[in-house]
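Trainee: Got a structure for you, written out below as structure tokens; questions coming shortly.
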Amino acid sequence: MKPDDIVGARLRATLLAKAQVRSVEETLSWLTAVQAQDFAGAKWALGQRIAGTTDVAIDDAFQSGAVLRTHAMRATWHFVLPEDLRWVLSLTAARVIAASATYYRQTELDEKLFRKSRNVFERALAGKRYLTRDELAGALAQAKIRASGLRLGLLTMRAELDAVICSGPRRGKQFTYALVEERAPKAKPLEREEALAKLARRYCQSHGPALPQDFAWWSGLSVADAKKGLELAVPELSCASMNGKVYWFVDARPKLRLPKPHVLLLPNYDEYTVAYKDRSLLLGALPSLVGLARQQVVFNHVVVRDGQVVGGFQRHVRKQRVELEVTLLSSFDAEAERALELAAARYAAFLGLSLDLRVKRQELSARRPRRRRDRS
Amino acid sequence: MAAEFGRQKVLGSSMSTTPAALVVPVNELNFETEVLNASTPVLIDVSASWCGPCKAARPVVAELAQAHSGALKVVEIDGDESPELVARLGVRGFPTFLGVLGGQVVERRAGFGGKRPLQELASTLLRT
């Protein structure tokens, strides 16, 4: 395989080759989890992959509970389907909990307190009472559990990791919590090996070709468990090699033809950019970006052309319009500019707003930025 | 030396009867003779030594070679040894299974998929 083959296959696997008519549930089921700490960005991540959908439609799916938001992977929020919540958490939660041990110690949280707070959450949320984080803090306070700031965040996150609570519908702009057993009653755990194989197959179908280390990064599993998952899913997977590395994927046909130029405006943490440990294949068009800047570029809203990150954008949502300020870090010809305008128009249509698009070009410095010396 | 001799002896006695021995290695040089000019349908297993799914498929491929010996020719192409041939066959990943009849690729399956899909592929070739 060549880099272009991998990039093209990933665009197809992540459903970005072409937005198609498919439901939110189908889209999320394919991807399994979509990083969602930026709620608006995550909605566009789903919407981008679904022809003709709108921000309101994704909101509706979230409000109804068809889509849930919880700490499914890597100690951050993800959209997941209710039926996937328990078996995914059965694989991913333990390592997030282990990685949080220092914070637990710092905030004087222990297993006894987690059990006590779990009982508080269950009583407070029972009967489909959807409560905000502050309201949960009130319930904890009544049970004489100190809960504010980081401590409160850790308590709610732990209850999410234990599959006790997850997202409820939003109340205005405020997020609420709900009980998993009420919000996702059909969520079933799987035997560990079955879950490992399922997660590996899902990752390879929706993100491949990818390395075992990519799968480990995305899922938060250890590399050993990620490899075990791939082995368990072996009958359903294919392999290809590049530069001595073995990439795993589900070789699905027919092969969707990619238009050229193919321009996307991807939100921060989009699965196409964030779901790999090795992101070098996406950054080939930015050779002058080095070090941390190179790694972190994918945590911003990015412009992607033919699978390569070539710039970034900022969004400002006003009452009637969305302002998109695009910064291009590589040259665009007229055809690519047209494709960019179409991508921006799609985003505005998704939001149901008129578009105010501003594009600027920026040359990147080839030099590594100097580190400031601390003189204090 | 004695151990080496002994090993050769074991290999020599089993090679002629193991199902794996019925899978014909094919490369750029013998592709035309072994595949395009074959008098029977041909099942091609395009694989690579480093590929996990290929290893899992190998016993099933060997079983098919034995089960349909004489009626279906089963061949294996090593993707690392014959990259141009693999590209010519439009193979993107390993394993890929191709069914060839009269020198034409008529069936294609990407990935192993387990025993049943390969049995079905063989049956289809034999029925056609």
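The values are calculated or read from the model by the stated rules, or taken from the named source; none is laboratory data. Note that the structure is a prediction, hence the values are computed from the model and not measured. Note that each Cβ is placed from the backbone with ideal geometry, even for glycine, and that neighbours are counted across all protein chains shown. We work out accessible area using only protein heavy atoms, side chains counted, and drop any ligands, DNA or RNA first. Shrake-Rupley method; radii C 1.70, N 1.55, O 1.52, S 1.80 Å.
Trainee: Restricting the search to region A:216-251, which residues are small (Gly, Ala, Ser), free of Cβ contacts under 8 Å to residues at least 60 places away in the same chain and either in a loop (DSSP other than H, G, I, E, B) or away from chain B (no Cβ under 11 Å) (or both)?
Mentor: Listed by number, the residues that qualify are A:224, A:226, A:229, A:233, A:244.
Trainee: Any residue that is touching a helix residue (DSSP H, G or I) at 6+ places or on another chain (Cβ under 6 Å) and either open to solvent by 40 Å² or more (accessible area, probe 1.4 Å) or at pLDDT 95 or above (or both) - is there at least one of those in region A:333-340?
Mentor: No, region A:333-340 contains no residue that is touching a helix residue (DSSP H, G or I) at 6+ places or on another chain (Cβ under 6 Å) and either open to solvent by 40 Å² or more (accessible area, probe 1.4 Å) or at pLDDT 95 or above (or both).
Trainee: Mind listing whichever residues of region B:97-117 are buried (at least 20 other Cβ atoms within 10 Å of the Cβ) and more than 14 Å from chain A (Cβ to nearest Cβ)?
Mentor: B:99, B:100
Trainee: What is the one condition in (1) at pLDDT 95 or above; (2) open to solvent by 10 Å² or more (accessible area, probe 1.4 Å) that residue A:58 does not satisfy?
Mentor: For residue A:58, the exception is condition (2).
Trainee: Consider region B:1-40. How many of its residues are farther than 25 Å from residue B:82 by Cα and at pLDDT 95 or above?
Mentor: Final tally of qualifying residues: 0.
Yes/no matrix, rows are residues, columns are (1) open to solvent by less than 70 Å² (accessible area, probe 1.4 Å); (2) of a type in the set (S, T, N, Q); (3) at the interface with chain A (Cβ under 10 Å from one of its Cβ atoms):
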position: B:62; (1), (2), (3): yes, no, no
position: B:88; (1), (2), (3): no, no, no
position: B:95; (1), (2), (3): yes, no, yes
position: B:122; (1), (2), (3): yes, no, no
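Trainee: Among what's in region A:132-153 and is outside any loop (DSSP other than H, G, I, E, B) and either touching a Leu at 6+ places or on another chain (Cβ under 6 Å) or among the small types (Gly, Ala, Ser) (or both), pick the residue that is surrounded by the most Cβ atoms within 10 Å (Cβ to Cβ).
Mentor: Result: A:137.
Trainee: Right, next: When residue A:288 is evaluated against the numbered criteria (1) open to solvent by less than 50 Å² (accessible area, probe 1.4 Å); (2) at pLDDT 90 or above, which criterion, by number, is the only one it fails?
Mentor: So residue A:288 meets the others, but not (2).
Trainee: Moving on to the next point. Among the listed residues A:183, A:158, A:170, which satisfies the condition of being surrounded by fewer than 22 Cβ atoms within 10 Å (Cβ to Cβ) and over 30 Å from residue B:95 (Cα atoms)?
Mentor: Matching residue, one of A:183, A:158, A:170: A:170.
Trainee: Report the residue count in region A:101-131 for those that are in contact with a strand residue (DSSP E or B) (Cβ under 9 Å, 6 or more places away or on another chain) and part of a helix (DSSP H, G or I).
Mentor: 5
Trainee: Looking at region B:29-59, which of the residues that are more than 14 Å from every other protein chain (Cβ to nearest Cβ), in contact (Cβ under 8 Å) with a residue 12 or more places away in the chain and not in a loop (DSSP other than H, G, I, E, B) is surrounded by the fewest Cβ atoms within 10 Å (Cβ to Cβ)?
Mentor: Filtering region B:29-59 for residues that are more than 14 Å from every other protein chain (Cβ to nearest Cβ), in contact (Cβ under 8 Å) with a residue 12 or more places away in the chain and not in a loop (DSSP other than H, G, I, E, B), the one surrounded by the fewest Cβ atoms within 10 Å (Cβ to Cβ) comes out as B:36.
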